[in-house]
Amino acid sequence: MTALNLAEQYLQCVYETGNWDQLREILADDLVFKGPWYDFMNADDYVNSLRVDPPIGFTCALIESYSNDNSACLIYHFSKPGVSTIMAQLFHTVNNRIKSINLVFDTAAFR
């Protein structure tokens with residue numbers, strides 16, 4: 001599976017299906033997630049945080065995607081009640097799993 005395929009599958013699991021088991025399958029055990037508010041150092045902690053506080057009512061519309069051999073970048077319009085902003089996520093992959101995710105957005109939209 002390409003880095004872009006994995007990134008798109010990630011987006012589908014998080015924003016469309018809420019299939020946390022499927023999401024966990026595409027993440028490396030030692031996943032590193034970094035975002036403006038949360039950091040995780042393994043896949044289980046990250047997925048468990050989504051299980052506890054799922055992104056209910058959140059939507060995303062893909063604007064653009066880029067990829068190379070081992071990375072992909074998705075830029076999308078994110079919205080939930082009262083919030084609308086552009087987000088970008090950079091994914092690095094190893095052995096057909098997502099090894100790291102960097103989430104970037106302007107937190108001012110959430111105030």
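The values are calculated or read from the model by the stated rules, or taken from the named source; none is laboratory data. This is a predicted model, so every value here is computed, not measured. Note that we place each Cβ from the backbone using ideal geometry, even for glycine, and neighbour counts take in every protein chain shown. The protein model used for the area step is the full one, side chains on, heavy atoms only, and it has no ligands, DNA or RNA in it. Shrake-Rupley method; radii C 1.70, N 1.55, O 1.52, S 1.80 Å.
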Revision key, fill the gap. Expressed as a whole-number percentage, the relative contact order of the chain with C-alpha contacts under 8 angstrom and at least six residues apart is 29 percent
Check your understanding: Out of 22, 57, 70, whose Cα points farthest toward the positive end of the dipole of the chain (charges: +1 Lys, Arg; -1 Asp, Glu; placed on Cβ)?
Key -> 57
Review point. Of all the accessible heavy-atom surface of segment 41-111, with the other protein chains kept in place and a 1.4 Å probe, what percent is carbon and sulfur?
Key: 52 percent
Practice item. Compute the Cα gyration tensor for segment 30-93, then decide on rounded, prolate or oblate, letting a ≥ b ≥ c be the square roots of its eigenvalues: rounded whenever a/c is under 1.5, prolate when a/b is larger than b/c in the other cases, and oblate in all that remain. Key: oblate
Check your understanding: In 10 Å bins starting at 0, how do the alpha-carbon pair distances of the chain split up by percent?
Key -> 15, 50, 32, 3
Review point. What dipole magnitude, in Debye to the nearest 20, does segment 5-51 give about its Cα centre under +1 on Lys/Arg Cβ and -1 on Asp/Glu Cβ?
Key: 140 debye
Check your understanding: For the residue pair residue 45 and residue 80, what label-to-label distance in nm results when each label sits 7 Å from Cα along the Cα-to-beta-carbon direction?
Key -> 2.1 nm
Check your understanding: Averaged per residue, what accessible surface does segment 8-111 expose to a 1.4 Å probe, in Å²?
Key -> 57 Å²
Review point. Can you give the calculated 222 nm mean residue ellipticity of the chain, where each DSSP H run of n ≥ 4 adds -39,500 (n - 2.57) and the sum is split over every residue, rounded to the nearest 500 deg cm²/dmol?
Key: -7000 deg cm²/dmol
